[in-house]
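So the structure is just underneath, and the comments pick up after that.
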Amino acid sequence: MKDYDEATAFLGQWGRFQQVVFFLLCLSIVPDGFVFSVVFLTDTPKHHCLVPEVNLTQDWLDAIIPVEVVNGRQELSRCSRYRLDEVRNLSARGLVPGRDVNLTDLGQEGCVDGWSYSRDIYQSTIVTEFDLVCNEEWKQPLTSTIFFLGVLCGSFIAGQLSDRFGRKPVLFVTMAVQVIFTIIEMFSPSWTVFVIFLFFNGLGQVSNFVSGFVLGTEILAGNVRVLFSSLGVCVAFAIGYMFLPVFAYFLRSWTSLLFGLALPGLVYIPLWWFIPESPRWGQKKKAILRKAANINKVEAPEVIFEDYMAYTDESDTKSTKHYNVLYLLKTRNVRSMTVILCMVCTGYYGLSLNTSQLHADPYISCFISAAVEVPAYISSWLALRYLRRKLSVISILILGALSLYFIQLVPQELSYLSVALEMLGKFAITTGTSLMFVYTAEIYPTVIRNTATGTCTTFSRMGGCIAPFLLKLSAYVAYLPYITLGTLALGSAFGALFLPETLGKPLPQTIQQMHKMEGLPAHSPLSSLFSCP
């Protein structure tokens, strides 16, 4: 009995059909790089209490905002001012602050008249729109967390829907959700309404990455599959990520930025008629393969089709029921593999959101963070072609952990070395995450591959959910975020020791084929750790 790759070898690996699928699926991934738009939407410009237009001398206008020491530097207070009634009285009497009046003796009050925001970088963000500062500052990181909760739920749900209803419908539905709610967010009358729409936007964001990734992995074969899954979709994501700061630079108000990010999604509507469903899924396998043969201008021998249909019919007979996420926890070995794969994918979003603050200019910061992903994905592709999966994953994650640990040893005057180490960590974690996407698709069979990929992606989104608050820990211990992320990477490298090797092996089509793979050792320490009581 021939497997899928053997049965469809007559198509070749790089015919016109594969080329169209490769490039169109990569094109559909580009807007997923906009997932980090929250960096610009939720950024907090410099601000201080608004001083209403009252009769104050220039000396008092310059002195009414108290000066505070923050991280060894003097800055204007962001959340308080000297009492306006006292200042107005002193100004009317002709007294000069600092000469006739000791400012430390004056009472202070909050920003009862609102805030004045700097427009040096942004015209507006949701922070300036809804005044998410001072007592409302907790809403700023929560906004990003709610968005990534939507991304998390979308990744989780989309994987199971794709296994039940098909990869192609879910791919386009999630793209539509992403575009529609991006536009709706522009009309939010309050922060509460905004984050509700943002959550639903997150349901579509990156969920189509999962469906598109699995769709291409199942259609393409051989080295082209490796090129697509490790380099093609990832570089497409990085291109969208690099375009994000360009959009943000020219569209500096939060509403115009949202509109600009939504427009590219409309371009993808015609792709419905050019992107096929996966030949490994559903009841139209034979029709899809015949069409692919016509596009590639090759003849499909009937005996190969019959053999393949016999194979798929048998597979379908054995897999008549639908598998859901609970199957990933059903048996000891499968449960252990699932937990390990989920562990590896959690650090990427934390580093991506943190590197937005690398440089005084957030546009440059974001572009640097995006650009470093391109060599990371190229490294991932080369590793998948020439190195064993376990060796690649373990080595790159250890490199990432060490680089993050070393940041705390760098003197403050060598800030550029700290940036270089953080970028090395970002490079390593990005490479490891890319490797794990391919690893996951190679371990799980067709009937549950999208569910498994979506579940592991769900756990990676947890990094995005906790990152805004994790970064706040630097106010207490400067290097605690790096130590946490480095420890997570090191633990993931240890867990990868117990994964099966998949280099050079065909994708499993059925549950039975997955169980025949070289799995976890029967007495692995992880087997008892993840077993049910």
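The values are calculated or read from the model by the stated rules, or taken from the named source; none is laboratory data. Values in this document were obtained by computation on a predicted structure and should not be read as measured data. Methodologically, a virtual Cβ is constructed for each residue, glycine included, from the backbone with ideal geometry; neighbour enumeration extends over all protein chains shown. The protein model used for the area step is the full one, side chains on, heavy atoms only, and it has no ligands, DNA or RNA in it. Shrake-Rupley method; radii C 1.70, N 1.55, O 1.52, S 1.80 Å.
Look at region 118-134: where a residue is within 15 Å of L50 (Cβ to Cβ) and a partner is basic (K, R) and part of a loop (DSSP other than H, G, I, E, B), sitting 6+ places away or on another chain with Cβ atoms under 7 Å, you get S118/K46; V133/R78; C134/R78. Condition test on E442, is it outside the structural domain of Q160 (by the TED database) and surrounded by fewer than 17 Cβ atoms within 10 Å (Cβ to Cβ)? Taking the combined requirement at face value, the residue does not satisfy it. Taking first residues from region 288-307 that are closer than 16 Å to V21 by Cβ and of a type in the set (S, T, N, Q) and partners that are open to solvent by 100 Å² or more (accessible area, probe 1.4 Å) and modelled with pLDDT of 75 or more, the Cβ contacts under 7 Å between residues at least 6 apart in sequence or on separate chains come to N296/R16. In region 130-178, of all residues being open to solvent by 10 Å² or more (accessible area, probe 1.4 Å), modelled with pLDDT of 85 or more and aromatic (F, W, Y), the one that is farthest from I269 (Cα to Cα) corresponds to W138. Within the set G202, G240, the sole residue that is surrounded by fewer than 24 Cβ atoms within 10 Å (Cβ to Cβ), under 28 Å from I368 (Cβ atoms) and at pLDDT 85 or above turns out to be G240. Among the residues here, S190 qualifies as in contact with a Phe, Trp or Tyr (Cβ under 9 Å, 6 or more places away or on another chain) and either without any contact (Cβ under 8 Å) to a residue 40 or more places away in the chain or open to solvent by 20 Å² or more (accessible area, probe 1.4 Å) (or both).
Of the helices (runs of 4 or more DSSP H) lying entirely inside region 100-212, those containing at least 2 residues that are under 30 Å from A63 (Cβ atoms) span 126-130. Helices (runs of 4 or more DSSP H) fully within region 1-68 that include at least 3 residues being crowded, with 21+ Cβ neighbours inside 10 Å: 16-29, 38-41.
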